[in-house]
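Only the coordinates and a few stated rules stand behind these numbers; no lab work does. Quick caveat, the model's predicted, so the values are computed rather than measured. Quick reminder, even Gly has a Cβ in these numbers, built from the backbone with ideal geometry, and neighbours come from all protein chains shown.
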Ligand code: MLT
């Protein structure tokens, strides 16, 4: 995406990070099983900001594997350090939102604002934890692609134009193919074991934007609205004709929401 991505060495892993432009920092954290390219529309558009987008451990051009959300949160602190950003507005989709909330729990001084998209604060239910176990078993027997295949039908709004839908599905499969088996197992374990972040939400003291995909089959918009009600003074938006991958499905709408939110912070 960027001609010269930054390489950040953290312990035994090298993280690859796109850093673009000058201005106040915005950190984009991708979801599962995606990579930093899922933010390419927003990164291309937000020209008045320094945009920072890492591939998390075990995906894309980053090595290693993280077995906890805390590890990911500490990784993104190393990314901010390497990019010279003392504080950033943090934008997270789904698993990226789990990491953003963990960042806020562990390193609150690094977060200047928060934009949460298609995510939740609660920990996994027993059924969801069983689903993670099943996913881990499928990666072990069939590779990372087996999990991606199972997810693709649930990720997009159901009534999208067929040609566009096929293009998005291809893009999701490409991102999914960039995960190593170890990286994917680590991410599934990290999500399975994550703590309830509702107390973090209740204590948010930075400006916040909460966005839902109107047709998200994985994290319903009603759940996101309930999440937004925990964040004092947050902006709330539903992205029409979007499923779980709103920044790619409706790039103009999501970019507009971010431009307005970020503009309110300058
Ligand atoms: C994601 O998009 O990051 C995942 O749907 C999160 C999850 O599986 O909990």
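General remarks:
- Using the rule -39500 (n - 2.57) for each DSSP H run of four or more residues, divided by the residues of the chain, the 222 nm mean residue ellipticity is -14000 deg cm²/dmol.
- Three principal axis extents describe the C-alpha atoms of segment 57-216; from largest down they are 41, 34, 34 Å.
- Computed from the alpha carbon atoms alone, the convex hull of segment 1-142 holds 111 Å³ per residue.
- Cα shape, segment 221-266, gyration tensor, a/c 1.5 rule: oblate
- Calculated on C-alpha atoms, the gyration radius of segment 1-43 divided by its Kirkwood radius gives an Rg/Rh of 0.96.
- Largest to smallest principal axis extent of the C-alpha atoms in segment 134-194, angstrom: 36, 21, 15
- Mean separation of Cα contacts under 8 Å (6+ apart) over length of segment 98-247, as relative contact order %: 34
- Remark: 76, 253, 111 ranked as 253, 111, 76, counting other beta-carbon atoms within 10 Å and listing the fewest first.
- Relative contact order for segment 194-266, counting Cα pairs under 8 Å that sit 6 or more residues apart, in percent: 30
- Residue order, fewest to most surrounding Cβ atoms within 10 angstrom, among 218, 69, 29: 218, 69, 29
- Calculated SAXS-style log₁₀ I(q)/I(0) at q = 0.13 Å⁻¹ - segment 58-124, Debye, Cα scatterers: -0.34
- Its relative contact order, with pairs defined as Cα atoms under 8 Å and 6+ residues apart, puts the chain at 20 percent.
- Descending by average beta-carbon neighbour count within 10 Å, the peptides 51-58, 238-245, 199-206 line up as 51-58, 238-245, 199-206, the highest first.
- Gain in span if fully extended, residue 161 to residue 106, counting 0.36 nm per residue against the direct Cα distance: 15.6 nm
- Prolate/oblate/rounded label for segment 159-266 (Cα gyration tensor, a/c 1.5): oblate
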